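The values are calculated or read from the model by the stated rules, or taken from the named source; none is laboratory data. Just so it is clear, the structure is predicted and the values come from calculations on it, not from any experiment. Here the Cβ positions follow ideal geometry from the backbone for every residue, glycine too, while neighbour counts run over all protein chains shown. Please note that ligands, DNA and RNA were not included when accessible areas were found on the heavy atoms of the full protein model with its side chains. Shrake-Rupley method; radii C 1.70, N 1.55, O 1.52, S 1.80 Å.
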Number of protein chains: 2
Amino acid sequence: MTTEVTSSPGTGQDPAAAARRTSQVLLGRVEEHLRSFLAAEHDTWAAVDERAVVAVDALSDLVASGGKRIRPAFCITGHLAAGGDPDDGAIVAAAAALEMLHVSALVHDDVFDASTRRRGEPTVHAHHSALHTANAWQGEARRFGESVAVLVGDLALVYSDQLMSSAPATVLEVWNTLRAELMIGQYMDIAAAAEFSVDPRLSRLVALVKSGHYTIHRPLAVGASVAGRPDLAPAFKEYGEAVGEAFQLRDDLLDAFGDAADTGKPAGLDFQQHKMTLLLGWAMQRDDRIRTLVTSPRHAPAEVRDRLLDTGVPADVEAHIADLVERGCKAIADAPIDPVWRDELTAMATKVAYRNA
Amino acid sequence: MTTEVTSSPGTGQDPAAAARRTSQVLLGRVEEHLRSFLAAEHDTWAAVDERAVVAVDALSDLVASGGKRIRPAFCITGHLAAGGDPDDGAIVAAAAALEMLHVSALVHDDVFDASTRRRGEPTVHAHHSALHTANAWQGEARRFGESVAVLVGDLALVYSDQLMSSAPATVLEVWNTLRAELMIGQYMDIAAAAEFSVDPRLSRLVALVKSGHYTIHRPLAVGASVAGRPDLAPAFKEYGEAVGEAFQLRDDLLDAFGDAADTGKPAGLDFQQHKMTLLLGWAMQRDDRIRTLVTSPRHAPAEVRDRLLDTGVPADVEAHIADLVERGCKAIADAPIDPVWRDELTAMATKVAYRNA
């Protein structure tokens, strides 16, 4: 089907460039795997009823609309860094499963946050609510749109698992932990926001579970597990937790100060929803003026933003992000992996910590 | 751990009673498996944070609150009828997975239907919305309650899969079909209700997917698959489709004319939500007066109920249910299974078709 990566001519090539090219080829295979999986499901369901393809097509649209593919990238890098065979189909399936799980999380998350835009397009629930209104259907448009989005996310969750189903037991163990963590981390996140919890420890825990583990550590561990190298788990954990914290701080900075044109979603959502972000928790611990403002009832979201700027938080958090990237890279300094892949993981840490979208 | 079923004294026992007793023992093991699985998850998460156990405990409460366990019962019966080993732990895990999937579906379904009671208790979203209101938390109580319920259902979906994860590939194939069917069937159900679709073909399709396949045919097929008997699939399919239709018609009758004290949920919900139920689709095809009423705008739910009674639908549908049960039993008349299990499947068909809750 696909040309073997290992059979491609590599003589005289820069090893770093060759490594990155291998990653890119595998990421391309993940896209093709997701696309062909959903196309086959579309065909199966199209034969049943025209309505039966709506949820499948919503997933195809979301997959096609882009995204950073951070989890597949870490999964593939974990596998290759662990010396895994680039032509092992299991790594492509595992990385595709991680992305499909993420699609599920995004669709449900957009309902929790009442977000109307994602990747520059209407979110699933916003689209179906609008359809409901335009057609003057029975019942409440909001409930209809959100119910469809819950089912679309459920279907993605089922498909993610189906994509992972032929993985060995060692991989499934990491996968099961990752998924339960995601759901429980999400719950803690919305509960903390609702309770307006001013608890930096809880902010850190949520960031650790949702970013450190879900986005970086566990995808790397899944990749290493597919390669049969569970021995790399501790180094990947330390790297993932540090780089994950940097990733989350960047996410919070982008939400607070970023450009909606780059991120594809409105800015300042976290402040509006009174989310006790990692950024806010961190800033509060350093400056009492932030704490005083955040804990005062009826403060405006824009005030928080201005106070953060006044107290020099953005510059300080940049320094903290740099420390975290360094700490993450140090964690893999002595890990038994090829230096080429160590360099690639260093480059990836920098990339996620300094992205602009 | 548990006493082996096959080692229990069975000399001189009535074979039918012995068969039913074996089923009961396995159903008891399913309860214990679900209970201990969730207890272990509780312990893992309690060590992380007090908030981290909320979703797990919501599932424990739901499992403990009862339910008919129809899917585990058909799964176990399918296995035993196929000559499967009663002491094979895989059948207990598979039946537990089916029940956990059902818990997930119930929690999400209650959000779609805005149901406030389930099994005599507040639904997950109603409970968390009430907590939100009582504590005067930030944001909207409805969104909070529903978001928690979506995550609790997501966690159950993940756990259902974890329970099924050591099953062989032949079982996973049935499992994957069953789950995608469930999500897509649910979507078609809510879309048909929103569009106020007066299409008996669609009502039948939804009933086939949601009841025939999800509740009876596929659980039986999962059980037979665990026993290594895929040859029974066609007979179980025919049985499941007929008995599933009877099951769904009874469900619709209970919703329309049943006693809320028995069912644990308010009566007449389907009419209120303008659901094109199998009962209504069937009645419309037989009597134009029903079609005229149902398609008229602004008809009252109580009118539909009264018109069904006036036109003698309940008695007619009872006769149809009897036909379906007979058809289902005929489908397994020549299947290569022990006569004791054929009789048990006949008894189960009668039980689901004539239940009062």
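Answer yes or no as to whether A:His132 is closer than 30 Å to B:Arg298 by Cα, at the interface with chain B (Cβ under 9 Å from one of its Cβ atoms), in contact with a Gly (Cβ under 8 Å, 6 or more places away or on another chain) and of a type outside the set (Val, Ile, Thr). Judged against the criteria, A:His132 is a match.
Of note, B:Val198 satisfies the criterion of being open to solvent by 20 Å² or more (accessible area, probe 1.4 Å), out of contact with any Pro (no Cβ under 7 Å at 6 or more places or on another chain) and over 19 Å from B:Cys75 (Cβ atoms).
Is it true that some residue in the range A:183-190 is facing chain B (nearest Cβ under 9 Å) and among the hydroxyl-bearing types (Ser, Thr, Tyr)? Yes, the range A:183-190 has at least one match.
Residue-by-condition table, conditions (1) surrounded by 24 or more Cβ atoms within 10 Å (Cβ to Cβ); (2) of a type in the set (Asp, Glu); (3) without any contact (Cβ under 8 Å) to a residue 12 or more places away in the chain:
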position	(1), (2), (3)
B:Pro122	no, no, yes
B:His125	yes, no, no
B:Gln138	no, no, yes
B:Ala141	no, no, no
B:Glu146	yes, yes, no
B:Asp161	yes, yes, no
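Pairs meeting the criteria (first residue in the range B:283-310 and without any contact (Cβ under 8 Å) to a residue 12 or more places away in the chain, second residue assigned to a helix (DSSP H, G or I), beta carbons under 6 Å, at least 6 apart or on different chains) are B:His299/B:Leu293.
Please go through the range B:252-301 and give me each residue that is closer than 24 Å to B:Asp110 by Cβ, of a type outside the set (Gly, Ala, Ser) and open to solvent by 40 Å² or more (accessible area, probe 1.4 Å), ordered by number. Result: B:Phe257, B:Asp259, B:Asp262, B:Lys265, B:Pro266, B:Gln272, B:Gln273, B:His274, B:Pro301. Name the residue that is most open to solvent (accessible area, probe 1.4 Å), counting only residues in the range B:223-251 that are on the phi < 0 side of the Ramachandran plot and not in a helix (DSSP H, G or I). Within the range B:223-251, the match that is most open to solvent (accessible area, probe 1.4 Å) is B:Arg229.
Within the range B:82-134, the residues that satisfy the criterion of being under 19 Å from the mean Cα position of the chain (by Cα) and charged (D, E, K, R) are B:Glu99, B:Asp109, B:Asp110, B:Asp113, B:Arg117, B:Arg118, B:Arg119, B:Glu121. Of all residues in the range A:94-115, none satisfies being out of contact with any His (no Cβ under 7 Å at 6 or more places or on another chain) and under 30 Å from B:Thr295 (Cα atoms). Residue selection: B:Asp262 fails the criterion of being at pLDDT 85 or above and assigned to a helix (DSSP H, G or I).
Can you work out which of the residues in the range A:191-221 that are more than 12 Å from chain B (Cβ to nearest Cβ) and among the charged types (D, E, K, R) is farthest from the chain's Cα centre (by Cα)? Of everything passing the filter in the range A:191-221, A:Arg218 is farthest from the chain's Cα centre (by Cα). Taking the range A:145-177 as the search range and keeping residues that are among the aliphatic types (A, V, I, L, M) and in contact with a Phe, Trp or Tyr (Cβ under 6 Å, 6 or more places away or on another chain), which one is nearest to the other protein chains (Cβ to nearest Cβ)? Among residues in the range A:145-177 that are among the aliphatic types (A, V, I, L, M) and in contact with a Phe, Trp or Tyr (Cβ under 6 Å, 6 or more places away or on another chain), the one nearest to the other protein chains (Cβ to nearest Cβ) is A:Leu151.
Within the range A:74-111, restricting attention to residues that are of a type in the set (Gly, Ala, Ser), closer than 18 Å to A:Thr22 by Cβ and open to solvent by less than 20 Å² (accessible area, probe 1.4 Å), the residue that is farthest from the other protein chains (Cβ to nearest Cβ) is A:Ala81. Scan A:Val325, A:Val317, A:Val304 and give me the residue that is modelled with pLDDT of 95 or more and either charged (D, E, K, R) or open to solvent by less than 40 Å² (accessible area, probe 1.4 Å) (or both). Criteria check complete, one pass: A:Val325.
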